[in-house]
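K.L.:
Sharing a structure, written as structure tokens. Questions coming.
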Amino acid sequence: MSANKQLRALPGDALAVSEEYLPGNNAYDADGIIRALQTGIVIKDTKEKEINVKTTTSSRVPDVGDVVTGQIEVAQSSTSNLKIFYLNGKPTQGGFVGIIFLREERGGRGMRRTAVKLGDVVRAKVISTMNAMIHLSIGEPHLGVIASLCSVCGRPLVMRDGRGQCNNCGNVEDRKFADDYGREPIQP
Ligand SMILES: [Zn+2]
């Protein structure tokens, strides 16, 4: 494929296989297929072996009440960082990162559940922008993980009885899933 040819992508479109390219901006790896996370022009960086989707949408700073969608780029036990790709359903190029504070679920000891994991695609609501930090919540039913992969084999997790199950290796994982988890294509 020529690097000069302008190829447009819609969210979920397959762009390449992961053996050839790494997911760059606005792209993600799902089961070995690099897919577009948003609408835009596909740009293949053959030197860095990275595939990007460039949008032309301008962006503003996310504000309280906004709904954002992105990918978890840092996941720790108490906080996770979400690289934001969508603001209220529209692509944003602001390069914003929000932070999700993960409270312990009720149930106490032994019941701590993993809400999000590295690489998950997550829909969240902005609850505060204090100190120029974008604080996010995933508590509501329509918020949470909307795409995630098995930690063991990398296949997509299927939601079953509120937990994520891998149909390939049988692994079961916890997430805080959004109510539309598993719907294709992903709605930001
Ligand atoms: Zn698996």
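The values are calculated or read from the model by the stated rules, or taken from the named source; none is laboratory data. Predicted model, so just to flag it, every value in this text is computed and none were measured. Glycine gets a Cβ as well: all are built from the backbone with ideal geometry, and neighbour counts include every protein chain shown.
K.L.:
May I ask you to list the residues in segment 13-58 that are of a type in the set (Gly, Ala, Ser) and in contact with a strand residue (DSSP E or B) (Cβ under 7 Å, 6 or more places away or on another chain)?
P.N.:
First, pick out the residues of segment 13-58 that are of a type in the set (Gly, Ala, Ser): 14, 16, 18, 24, 27, 30, 32, 36, 40, 58.
Ala14, Ala16, Ser18, Gly24, Ala27, Ala30, Gly32, Ala36, Gly40 - these are the residues of segment 13-58 that are of a type in the set (Gly, Ala, Ser) and in contact with a strand residue (DSSP E or B) (Cβ under 7 Å, 6 or more places away or on another chain).
K.L.:
What strands (runs of 3 or more DSSP E) lie completely within segment 108-159 and have 1 or more residues being of a type outside the set (A, V, I, L, M), modelled with pLDDT of 95 or more and exposed (fewer than 15 other Cβ atoms within 10 Å of the Cβ)? Can you show your working first?
P.N.:
Details: elements: 121-128, 134-137, 144-147.
So the answer is 121-128.
K.L.:
So if I check each of Gly170, Gly95, which one is within 16 Å of the ligand (Cβ to nearest atom), of a type in the set (Gly, Ala, Ser) and either part of a loop (DSSP other than H, G, I, E, B) or surrounded by fewer than 20 Cβ atoms within 10 Å (Cβ to Cβ) (or both)? Walk me through how you get there before you give the answer.
P.N.:
Details: Gly95 fails: within 16 Å of the ligand (Cβ to nearest atom).
Step by step, each of Gly170, Gly95 is checked, and only Gly170 is within 16 Å of the ligand (Cβ to nearest atom), of a type in the set (Gly, Ala, Ser) and either part of a loop (DSSP other than H, G, I, E, B) or surrounded by fewer than 20 Cβ atoms within 10 Å (Cβ to Cβ) (or both).
K.L.:
Do you know which residues across segment 173-188 are of a type in the set (A, V, I, L, M, F, W, C) and in a strand (DSSP E or B)?
P.N.:
First, the residues of segment 173-188 that are of a type in the set (A, V, I, L, M, F, W, C): 177-178, 186.
Once the filter is applied, which keeps residues that are of a type in the set (A, V, I, L, M, F, W, C) and in a strand (DSSP E or B), segment 173-188 yields only Phe177.
K.L.:
Quick check on Leu118: is it within 16 Å of the ligand (Cβ to nearest atom) and either under 18 Å from Pro188 (Cα atoms) or aliphatic (A, V, I, L, M) (or both)? Talk me through it step by step, then tell me what you get.
P.N.:
Numbers: within 16 Å of the ligand (Cβ to nearest atom): yes; either under 18 Å from Pro188 (Cα atoms) or aliphatic (A, V, I, L, M) (or both): yes.
Taking the combined requirement at face value, the residue satisfies it.
K.L.:
Scan segment 121-152 residue by residue and report those that are under 18 Å from the mean Cα position of the chain (by Cα) and within 13 Å of the ligand (Cβ to nearest atom). Walk me through it before giving the result.
P.N.:
Just the residues of segment 121-152 that are under 18 Å from the mean Cα position of the chain (by Cα), to begin with: 121-126, 134-151.
Within segment 121-152, Ser148, Leu149, Cys150, Ser151 qualify.
K.L.:
Follow-up. Going residue by residue through segment 60-72, is there one that turns out to be touching a Ser or Thr at 6+ places or on another chain (Cβ under 9 Å), part of a loop (DSSP other than H, G, I, E, B) and within 25 Å of Gly182 (Cβ to Cβ)?
P.N.:
No, segment 60-72 contains no residue that is touching a Ser or Thr at 6+ places or on another chain (Cβ under 9 Å), part of a loop (DSSP other than H, G, I, E, B) and within 25 Å of Gly182 (Cβ to Cβ).
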